[in-house]
């Protein structure tokens, strides 16, 4: 076996990380030493890097088979890990498999086996059953947010996958919450546990917890006033049901609040569009079920608003984990009706918010998002899009915001003030000699 030892310094430079934190140093050392590791650390603490770096050092670069498999509960987490791995710029092939898009695309990507395979349980099990994944070379198994996969009912698929991996010699399980019991099908024998969770799941020092009392049972009007009071800062509003998410989004829109909503019943392109608009500043408010509480790469969320009380303590912890990440501070706000009480698991002293009598609508976002019907599979990249908008759309560098390129489509933020003129200029123009549909992202 020939290992290629990649420079951690170079990888961290590619990831724009100055240095590893205490948890990452400990995890890397433990993964190198032990065959089975359970890593418990809060959301946003850097677990992905903590397992990818030692995984990388175990890769035999002369072996053309798939050597590592990473199983995750959601497609968004799969995409996030794939992005981190590609940003590391190792030159190794990685393939991401998840529901919500064409299986044929993945089958074509699997013809030449990737060194690293990332995916959700259902789609990975489907590919294994169809013979699209050769499992004999896989020696490393990583279950990221494994408790969420179990919570979502993926036991059967996960058990099938693990039974189909005959040569595993390294198992890494990660979670942001303490788990009482590990299922037998994971086949752990002698496990080392690293627990970097705060005692009693107490929140980070960077996280402030506040409460807001609503006069009425339907808290929508109070929520509207709260958003105005917060002045357009980025916020994720959590509700417990998909229908309630869409209803809340509609009511806030009618009151003049620009927002996007997100839940599991949306098509993949709709989910991608909602998250992209929130990341790029087209909308400062994201309204979601607990689907948005894990596995999303959304930096700099200032506020978490619990419009509906979390159903469990774990849900509360994971929702709050969307803010106060890395070195940034954040605030979680629990909105209570007169009939509701603060859950027992809220251990921190809370400050009560008093809303002013008069409120003003926050400023509208200065960005809008364009949808481009071409992506990686069409050989279109970020540089192509910037060049197209600069040359054909006569946009300056500062007029172009965040660009996200997916397999078959892309999103790009541009200044809203430039939208009408830009759309006129790029009408019927081509990107890389291709006639491509461009529209305002829905």
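With respect to the stated conditions, residue 70 is surrounded by 22 or more Cβ atoms within 10 Å (Cβ to Cβ) and within 26 Å of residue 162 (Cβ to Cβ). Any residue that is buried (at least 19 other Cβ atoms within 10 Å of the Cβ), under 24 Å from residue 217 (Cα atoms) and under 17 Å from the mean Cα position of the chain (by Cα) - is there at least one of those in the range 305-315? Scanning the range 305-315, I find at least one residue that is buried (at least 19 other Cβ atoms within 10 Å of the Cβ), under 24 Å from residue 217 (Cα atoms) and under 17 Å from the mean Cα position of the chain (by Cα), so the answer is yes. The set of residues in the range 76-108 being more than 30 Å from residue 17 (Cα to Cα) and touching a strand residue (DSSP E or B) at 6+ places or on another chain (Cβ under 9 Å) consists of 103, 106.
Within this structure, residue 287 fails the test of being under 27 Å from residue 342 (Cβ atoms) and either surrounded by fewer than 17 Cβ atoms within 10 Å (Cβ to Cβ) or modelled with pLDDT under 95 (or both). The set of residues in the range 3-19 that are surrounded by fewer than 13 Cβ atoms within 10 Å (Cβ to Cβ) and not in a helix (DSSP H, G or I) comprises 3, 5, 7, 16, 18, 19. Count of the range 1-56 residues, restricted to those that are closer than 28 Å to residue 292 by Cβ and in contact with a strand residue (DSSP E or B) (Cβ under 6 Å, 6 or more places away or on another chain), is 8. The single residue among 282, 323 that is more than 30 Å from residue 102 (Cα to Cα), outside any helix (DSSP H, G or I) and touching a residue at least 12 places away in the same chain (Cβ under 8 Å) turns out to be 323. Within the range 301-320, work out how many residues are part of a loop (DSSP other than H, G, I, E, B) and over 23 Å from residue 280 (Cα atoms). Total satisfying the criteria: 6. Looking only at residues of the range 290-304 that are under 19 Å from residue 220 (Cα atoms) and surrounded by fewer than 24 Cβ atoms within 10 Å (Cβ to Cβ), we find that the one that is nearest to the chain's Cα centre (by Cα) is 290.
So that you can scan it fast, the table gives a plain yes or no per residue for (1) out of contact with any strand residue (DSSP E or B) (no Cβ under 6 Å at 6 or more places or on another chain); (2) within 21 Å of residue 282 (Cα to Cα):
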{"position": "339", "(1), (2)": "yes, no"}
{"position": "351", "(1), (2)": "no, no"}
{"position": "394", "(1), (2)": "yes, yes"}
{"position": "398", "(1), (2)": "yes, yes"}
{"position": "424", "(1), (2)": "yes, yes"}
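Number of residues in the range 172-189 that are touching a helix residue (DSSP H, G or I) at 6+ places or on another chain (Cβ under 7 Å), under 19 Å from residue 35 (Cα atoms) and touching a residue at least 60 places away in the same chain (Cβ under 8 Å): the value is 4.
The values are calculated or read from the model by the stated rules, or taken from the named source; none is laboratory data. As the structure is a prediction and not an experimental result, all values here were calculated from the model. We place every Cβ from the backbone using ideal geometry, glycine too, and count neighbours over all the protein chains shown.
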